[in-house]
Amino acid sequence: MTVPTAAQALAAAATLGPFSAVAGVPGPGWVTWAALVDGGPLERRVVDVRAALAAGPGSPDVDLRVAASLAHLGLVARLVSPLLGAALTSGVLPVAPPSGVHLRLAGRNPLPLTLPSAQAVPVADSAALAAALDRCWLAPAVLPLSAAVAVRTGLSRSVLDGNAVSAVAGALRMAAAARPELVGPAAAALDEVLFHGALAGTGRRRDDGSFVRRSCCLLYRLPSAGTCGDCILA
C-alpha cells in the first residue's frame, strides 16, 4: 500500500473544513513559527487580538492576559487542526520544523498557514498518532510557544497547557463532526493525549464522554462572553 505524501494528506484534511486547510506557498509578510516564538510577531498578534476584543460589545478594557490566552489558543488550534485532520484521514502526520511552518498573522482565524516542506510520518493507530504529535509538534513547537507567552505576559502555564489540549480536542472534534467514520479514531486519539505525553492530565472526560479541560482560557472575563463548552467553569 502506498503511503500518502504530506501534501496529499493535507489536501485530504482540507475537506474537513477551513481550519483544516492550508495554503500553497507563503507570501509577503508571512512569518515562521520559529519567528513567532522568538517574540516580535507574537507580541504583535497579542496586540491585534486585544484590539479586536476591545472593539467588541461593550468596548471592554481587555486584560493583556485574556488577549494573550485567546491569541495563543487560536494559534495552537490553527496549527494542529490540519495536522490532526491529515493524520485521521490519511494515516500520516505531516511533520516540519518550526522554521518550516509559515503563517500570515492578519485578521481573524483561520489565519493563512502553510507547511510547504512537510514530510509524512506514518501513524498506524491512535497511540502512534498521539506519540508522533507529542514528539514532532507539541515538544518542538507548541510548548515553546506556551513558554514564550508565559514569559512575556505572566499568563499561567496551566492556562496555556489547557489551551493546547483544548485546541487538540477541538481539532479532533471538528474532524469527527465532518466525517462520522472518524468519531472512533478521533476519540481514541484524544484519550491517548489525555493520558500520555506533554498534555497528560490537562483534561478529562465528563460522565457523558465529552471533554473538559482542567483550566480556563479566561474568555469569561469579557462582557457577556460566557464560557466555552469544554471549560472547567461550565
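Total residues in segment 88-105 satisfying the condition of being open to solvent by 10 Å² or more (accessible area, probe 1.4 Å) and in contact with a Pro (Cβ under 8 Å, 6 or more places away or on another chain): the figure is 8. Considering segment 43-60, the residues that are farther than 19 Å from CYS216 by Cβ and modelled with pLDDT of 90 or more include one that is most open to solvent (accessible area, probe 1.4 Å), namely ARG44. The one condition from (1) part of a loop (DSSP other than H, G, I, E, B); (2) crowded, with 20+ Cβ neighbours inside 10 Å; (3) without any contact (Cβ under 8 Å) to a residue 24 or more places away in the chain; (4) of a type outside the set (Lys, Arg) that THR2 does not meet is (2). Scanning segment 23-36 for residues that are open to solvent by 30 Å² or more (accessible area, probe 1.4 Å) and either closer than 22 Å to LEU218 by Cα or in contact with a strand residue (DSSP E or B) (Cβ under 7 Å, 6 or more places away or on another chain) (or both) turns up ALA23, GLY24, VAL25, PRO26, TRP30, THR32.
Scanning segment 24-42 for residues that are modelled with pLDDT of 95 or more and of a type in the set (Gly, Ala, Ser) yields ALA34, ALA35. Selection over segment 136-173 of residues that are within 26 Å of ALA187 (Cα to Cα) and either in contact with a Phe, Trp or Tyr (Cβ under 6 Å, 6 or more places away or on another chain) or of a type in the set (D, E, K, R) (or both) gives a count of 5.
With respect to the conditions (1) modelled with pLDDT under 95; (2) assigned to a helix (DSSP H, G or I), ARG108 falls short on a single one, namely (2). Of the residues making up segment 24-62, those that are touching a Pro at 6+ places or on another chain (Cβ under 6 Å) and either of a type in the set (Asp, Glu) or under 18 Å from LEU103 (Cβ atoms) (or both) are VAL25, VAL31, TRP33, ALA34, ALA35, VAL37. With respect to ALA11, is the statement that it is surrounded by fewer than 19 Cβ atoms within 10 Å (Cβ to Cβ) and either part of a helix (DSSP H, G or I) or not hydrophobic (A, V, I, L, M, F, W, C) (or both) true? Criteria met by ALA11.
Is there a residue being at pLDDT 95 or above, surrounded by fewer than 15 Cβ atoms within 10 Å (Cβ to Cβ), under 20 Å from SER210 (Cβ atoms) and not small (Gly, Ala, Ser) anywhere in segment 162-180? Yes; the residues of segment 162-180 include at least one that is at pLDDT 95 or above, surrounded by fewer than 15 Cβ atoms within 10 Å (Cβ to Cβ), under 20 Å from SER210 (Cβ atoms) and not small (Gly, Ala, Ser). In segment 214-224, what count of residues is obtained for those that are more than 17 Å from the chain's Cα centre (by Cα), aliphatic (A, V, I, L, M) and open to solvent by 40 Å² or more (accessible area, probe 1.4 Å)? Going through segment 214-224 one residue at a time, the tally reaches 0. Here segment 197-213 is the region considered, the condition is being surrounded by fewer than 20 Cβ atoms within 10 Å (Cβ to Cβ) and touching a helix residue (DSSP H, G or I) at 6+ places or on another chain (Cβ under 6 Å), and the residue that is nearest to LEU155 (Cα to Cα) is ALA198.
The values are calculated or read from the model by the stated rules, or taken from the named source; none is laboratory data. None of these values were measured; they are calculated from a predicted model. All Cβ positions, glycine included, derive from the backbone under ideal geometry; neighbour counts span all protein chains shown. Keep in mind that these areas ignore ligands, DNA and RNA; they rest on the heavy atoms of the full protein, side chains included. Shrake-Rupley method; radii C 1.70, N 1.55, O 1.52, S 1.80 Å.
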